[in-house]
Amino acid sequence: MKISLVHDWLISFAGAERVSADILRIWPDADLFSVVDFLSDSDRTHFLGKYAKTTFIQRLLGAKHRHRLYLPLMPFAVEQLDLSGYDVVISSSHAVAKGILVGPDQLHICYCHSPIRYAWDMQHQYLRESRLDSGLKGILARWMLYRIRNWDHRTSNGVDFFISNSDYIGRRIQKVYRRDSTTIYPNVAVEDFPLVSEKSDFYLTASRLVPYKQIGLIVRSFAGMPDRKLVVIGDGPEYARIKAQAPANVTMMGYQSFEVLRDHMQRARAFIFAAEEDFGIVPVEAQACGTPVIAFGKGGALETVLDGVTGMFFREQSESAIQQTVSDFESNFVADPVRIRFHAEQFSSERFRAQMKAFVEEKYQQFISGKL
């Protein structure tokens, strides 16, 4: 097989980029494509030192730091990438990568992190948080998202097989594209998070501080529990506002190194997770440390946390729900760090690579034999 890998945009090394990097480890000779590529030297090592073949957006003003401003151009841009020389095209897509053009003699497999969130069911939340829910800018933003929805739905027809990163996203793929998918959970580097059985008395949350992560909600919840300690690790546009509201029992640490994050994750009494995520890698990393997770009971967390075994769920994103669940956790939950770690190991990188390799090779053999 001559394989190409298409990623949306390469700016930082987060969850979606970890998936693409592991796909390259399966097929190190694959060529890499992306709308833009501004990876740092250290992040590029995860991609075997490869530079992506990019689109014209790479050369536009401000593309490195404000690439999302060019979202209206990305459907057109990604269609200009020439992938005609490849037997298999794998797109790792949460935005536009799956929209690349392929021919009838090419197999296109899309690892879908999500249909474009801000164009489909999260549109109204996105517009509110971006302050684009009214006025002329709001009308233009809605029109742009309408056009992207039409393009996104149409280009789903160019995908031969969808892989979803969770059953939750599989249901979203079915809802939006009316297509079936196979779930292969993302790779989590559980080997980088050794088990520590002895825990301290603080709770931990860690994330980029953006609205949908609900870090402000967690901080307000602990403001109502002054006898309990919370540590917040992470930076982002919400940092200053949340820090100004943080009570004395909440420690805002800002951005920290991986070593500091891991140390706190290993020692925390529990990890608090209030976002509705497609999958959610950080709760799995916490469980790899033997640390239980108190999570919002919706989205991918329902597939990565075992209620009453590796953590507990709260059923609504509210201060009272979090406070009640923390109280129930302290009263009723008996943590077994070894059992929690064992559960996290099913999301390992080794498991991901084995499942991806088997899936792609099986579909390719069926494709070339005319059995599809």
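Assorted remarks:
- Leading residue at positive end of dipole, the stretch 136-266 (Cβ point charges), from 158, 224, 194: 158
- Each residue of the stretch 291-299 was assigned a 3J(HN,Hα) from its phi angle through the Karplus curve 6.51 cos²θ - 1.76 cosθ + 1.60 (θ = phi - 60°); the sequence is 9, x, 10, 9, 10, 5, x, 7, x Hz, with glycine and proline shown as x.
- Portion, in percent, of the accessible area of the chain that falls on carbon or sulfur, probe 1.4 Å: 51
- In the chain, the DSSP-assigned H stretches of four residues or longer account for a calculated mean residue ellipticity at 222 nm of -11000 deg cm²/dmol, using -39500 (n - 2.57) per stretch and the full residue count as denominator.
- Across the stretch 219-315, the relative contact order, built from alpha-carbon pairs under 8 Å that are at least six residues apart, equals 20 percent.
- Cross-link partners for residue 363 among the lysines, with Cα-Cα distance under 16 Å and sequence neighbours closer than 8 places in the same chain left out: 2, 371.
- Cα shape, the stretch 231-321, gyration tensor, a/c 1.5 rule: oblate
- Gap separating the Cα centres of the stretch 307-362 and the stretch 139-204, nearest whole Å: 17
- Relative contact order of the chain, defined on C-alpha pairs under 8 angstrom at six or more residues apart (%): 13
- Computed from backbone phi with θ = phi - 60° and the Karplus coefficients 6.51, -1.76 and 1.60, the 3J(HN,Hα) list for the stretch 186-202 is x, 7, 10, 7, 4, 5, 8, 10, x, 5, 10, 7, 7, 10, 9, 9, 9 Hz; x is used for glycine and proline.
- The angle separating the long axis of helix 349-368 from the principal Cα axis of greatest extent in the chain is about 20 degrees.
- Surface exposure of the chain, expressed per residue as accessible area with a 1.4 Å probe, stands at 45 Å².
- Vicinal HN-Hα couplings computed from phi for the stretch 154-164 (Karplus, 6.51 cos²θ - 1.76 cosθ + 1.60; Hz; Gly/Pro x): 4, 6, 5, 5, x, 9, 7, 9, 9, 10, 9
- For the chain, Kirkwood radius (reciprocal of mean inverse C-alpha pair distance, Å): 21.7
The values are calculated or read from the model by the stated rules, or taken from the named source; none is laboratory data. Predicted, not measured: the structure shown is a model, and the values here were computed from it. Neighbour counts run over all protein chains shown; Cβ positions are idealised from the backbone, glycine included. Only protein heavy atoms, including side chains, enter the accessible area calculation; ligands, DNA and RNA are left aside. Shrake-Rupley method; radii C 1.70, N 1.55, O 1.52, S 1.80 Å.
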